[in-house]
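Q: First, the structure itself, so that you have it in front of you.
The values are calculated or read from the model by the stated rules, or taken from the named source; none is laboratory data. These numbers were taken from a predicted model, which means no experiment stands behind them. Cβ sites come from the backbone with ideal geometry, for glycine too, and all protein chains shown count toward neighbours. Surface areas here come from the heavy atoms of the whole protein model, side chains and all, with no ligands, DNA or RNA. Shrake-Rupley method; radii C 1.70, N 1.55, O 1.52, S 1.80 Å.
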Amino acid sequence: MITLEQIREWYNLPLTTLIFRAQATHHRHQDPAGVQLCTLQSIKTGRCPENCAYCPQSAHHETGLADVPLMNDEDIITKAQQARAGGASRFCMGAAWREVRDGPQFDSVLRAVEGVSALGLEVCCTLGMLTQPQAERLKSAGCRVYNHNLDTSREYYPQIITTRCYDDRLRTLENVRAAGLEVCCGGILGMGESVDDRLKMLAELAALEPQPESVPINALVPVAGTPLAERDPVDPFEFVRIIAVARLALPKAIVRLSAGRTEMSAEMQALCYLAGANSIFLGEKLLTTPNPDSQEDFQLLQRLGLHALDPEAARKIQAAAPACELENAR
C-alpha cells in the first residue's frame, strides 16, 4: 500500500529525478505518447445549492453567471456529435445539482446518456451525490464513468465547502463502484491549501480500492464574486510535481490535465505530459470557465509528437501492466 510518507518522499525528490521516475512509470502502464481527448458539457448551469468556494455556479456567490435550465436530451446528443467530430473520445455531462433526484429531469439525462453512448463515445457524468440505484440506472443507460472530486484533503475541505462533508463524497464514490461504474476523482490546486493537503488528497485517492480510473488535476480558475477570487496562481513547478506524484501513486489511472490550462504556457503543459498527464479537455469552456482553443491543443500535441489515445487500447495496456508500482518507483 502506498503511504503518505512515500508520497511525501516522492514529492521532495529533485524535480528531474521525480519526472524521470514518473515517466518510467508512465511507460510501464500507459501508451506513452497517447493523450485522451474529452469534452465537458454543462447540461444544467447555475443556482447550485452547494457553497463550494471556487465555483461560479454556487447560488451562494454573486458572479453574474446566467442560470440555464437542464438541456433537453436531443440538444445534448447534438453537442456530443459535435464533440466527436472535433476529436473527442469521451463526452462528460455536468449538472449543477447538489444530488441526483429521481423524476423527469433524471429520466431526461438517462435518455441523453443512451443517445451519447450510441454514438460510440465514452460517457461520463458528474451530477452531484447519488445513490447506488441511481448509479445503476446510469450504467444501464450506457454511462461508463462517474466524476465526483474530493477537491482537497479531508483537513482542508471545511475551508472550501460546508454544505456537505468529505464522507458524503466518499459515500457517493462507494455507490458508483458498487454499481460497476468507473470512478473519475481528483482535486483542485491553488485554493490556499498547503502542499501537504495536496499530498493527503493523493494519498486518499491512492488508498481507494480499486484506485480511480481517472484523476483530474485542476488549477484554480479564480472567478470574481467567489471567495477565492483573489488567490494567486499555483506555482507551475509545484503543479508539475503533483502531476508526477499522481502518476507514481496511481500508475494505471488516466491523469487529466483539467481546468486552468488557459494560464499555462506550452512549455508548462509539455512538462505535465512529461510528468505523466495523459488527458485534456477540448472545447472553449470547462462547464463555465475558459479552456484553450482546440486548434492550439492539436498543434501542441503535434509539436510534441503525441497522438489521440484509443481508450480501449489503453485499457489493454493497463491490464497487462504490473499490479504494483511501489518498488519500481523507489
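Q: With the condition kept exactly as written, say whether any residue in segment 111-124 is open to solvent by 10 Å² or more (accessible area, probe 1.4 Å) and under 30 Å from residue 203 (Cα atoms).
A: Yes, some residue in segment 111-124 is open to solvent by 10 Å² or more (accessible area, probe 1.4 Å) and under 30 Å from residue 203 (Cα atoms).
Q: Right, something else. Testing residue 44 on (1) within 24 Å of residue 192 (Cα to Cα); (2) basic (Lys, Arg); (3) at pLDDT below 95, one condition comes back false. Which one is that?
A: Status for residue 44: all satisfied but (1).
Q: Residue by residue through segment 256-276, note down the ones that are within 25 Å of residue 79 (Cβ to Cβ) and under 15 Å from the mean Cα position of the chain (by Cα).
A: Within segment 256-276, 256, 257, 258, 259, 260, 261 qualify.
Q: Would you check if residue 241 is touching a Pro at 6+ places or on another chain (Cβ under 6 Å) and crowded, with 23+ Cβ neighbours inside 10 Å?
A: Numbers: touching a Pro at 6+ places or on another chain (Cβ under 6 Å): no; crowded, with 23+ Cβ neighbours inside 10 Å: yes.
The answer is no for residue 241.
Q: Do we find a residue being acidic (Asp, Glu) and either open to solvent by 40 Å² or more (accessible area, probe 1.4 Å) or closer than 29 Å to residue 199 by Cβ (or both) anywhere in segment 142-156? Before the answer, list the steps.
A: Initial filter on segment 142-156 (acidic (Asp, Glu)): 151, 155.
Now restrict to residues that are either open to solvent by 40 Å² or more (accessible area, probe 1.4 Å) or closer than 29 Å to residue 199 by Cβ (or both): 151, 155.
Yes, some residue in segment 142-156 is acidic (Asp, Glu) and either open to solvent by 40 Å² or more (accessible area, probe 1.4 Å) or closer than 29 Å to residue 199 by Cβ (or both).
Q: So, in segment 19-39, of the ones that are small (Gly, Ala, Ser) and closer than 15 Å to residue 304 by Cα, which residue ends up nearest to the chain's Cα centre (by Cα)?
A: Of the residues in segment 19-39, the ones small (Gly, Ala, Ser) are 22, 24, 33-34.
If we keep only those that are closer than 15 Å to residue 304 by Cα as well, we get 33-34.
Values: 33: 20, 34: 17 Å.
Only one residue fits best here, namely 34.
Q: Which count do you get for residues in segment 212-237 that are farther than 30 Å from residue 312 by Cα, open to solvent by less than 40 Å² (accessible area, probe 1.4 Å) and without any contact (Cβ under 8 Å) to a residue 60 or more places away in the chain?
A: Number of matching residues: 2.
Q: Got a number for residues in segment 44-65 being surrounded by fewer than 19 Cβ atoms within 10 Å (Cβ to Cβ) and β-branched (Val, Ile, Thr)?
A: So the answer is 1.
Q: Mind listing whichever residues of segment 182-204 are surrounded by fewer than 21 Cβ atoms within 10 Å (Cβ to Cβ), touching a residue at least 40 places away in the same chain (Cβ under 8 Å) and farther than 18 Å from residue 238 by Cβ?
A: 204
Q: Scan segment 2-20 for residues that are part of a loop (DSSP other than H, G, I, E, B), open to solvent by less than 50 Å² (accessible area, probe 1.4 Å) and at pLDDT 95 or above and jot them down.
A: Within segment 2-20, the subset part of a loop (DSSP other than H, G, I, E, B) is 2-3, 12-14.
Still in the running and open to solvent by less than 50 Å² (accessible area, probe 1.4 Å): 2, 13.
Within segment 2-20, 13 is the sole residue that qualifies.
Q: Between 36, 41, 23, 30, which is closer than 30 Å to residue 317 by Cβ, surrounded by fewer than 20 Cβ atoms within 10 Å (Cβ to Cβ) and among the polar types (S, T, N, Q)?
A: Working: 36 fails: surrounded by fewer than 20 Cβ atoms within 10 Å (Cβ to Cβ); 41 fails: surrounded by fewer than 20 Cβ atoms within 10 Å (Cβ to Cβ); 30 fails: surrounded by fewer than 20 Cβ atoms within 10 Å (Cβ to Cβ).
On inspection, the qualifying residue turns out to be 23.
Q: Just the residues that are loosely packed, with under 14 Cβ neighbours inside 10 Å and modelled with pLDDT under 80, please, taken from segment 301-314. Steps first, please.
A: From segment 301-314, those loosely packed, with under 14 Cβ neighbours inside 10 Å are 302-303, 305, 307, 312-313; that's our starting set.
Listed by number, the residues that qualify are 312, 313.
Q: Which is under 22 Å from residue 101 (Cβ atoms) and of a type in the set (Val, Ile, Thr), of 39, 45, 63? Write out each step before concluding.
A: Values: 39 fails: under 22 Å from residue 101 (Cβ atoms); 63 fails: under 22 Å from residue 101 (Cβ atoms).
45 is the lone residue from the list that is under 22 Å from residue 101 (Cβ atoms) and of a type in the set (Val, Ile, Thr).
Q: Shifting gears a bit: Those residues that are among the aromatic types (Phe, Trp, Tyr) and closer than 24 Å to residue 252 by Cβ, I need them from segment 1-56; list them, please.
A: Restricting attention to segment 1-56, the residues satisfying the condition of being among the aromatic types (Phe, Trp, Tyr) are 10-11, 20, 54.
Once the filter is applied, which keeps residues that are among the aromatic types (Phe, Trp, Tyr) and closer than 24 Å to residue 252 by Cβ, segment 1-56 yields 10, 11, 20.
Q: Right, another one. What are the residues in segment 149-181 that are in a helix (DSSP H, G or I) and not aliphatic (A, V, I, L, M), if any? Let's see the steps before the verdict.
A: Restricting attention to segment 149-181, the residues satisfying the condition of being in a helix (DSSP H, G or I) are 157-159, 166-178.
Of everything in segment 149-181, those that are in a helix (DSSP H, G or I) and not aliphatic (A, V, I, L, M) turn out to be 157, 158, 159, 166, 167, 168, 169, 171, 172, 174, 175, 177.
Q: In addition: Answer yes or no as to whether residue 209 is open to solvent by 10 Å² or more (accessible area, probe 1.4 Å) and within 15 Å of the chain's Cα centre (by Cα). Steps first, please.
A: Working: open to solvent by 10 Å² or more (accessible area, probe 1.4 Å): yes; within 15 Å of the chain's Cα centre (by Cα): no.
No; evaluated as a whole, the condition is false for this residue.
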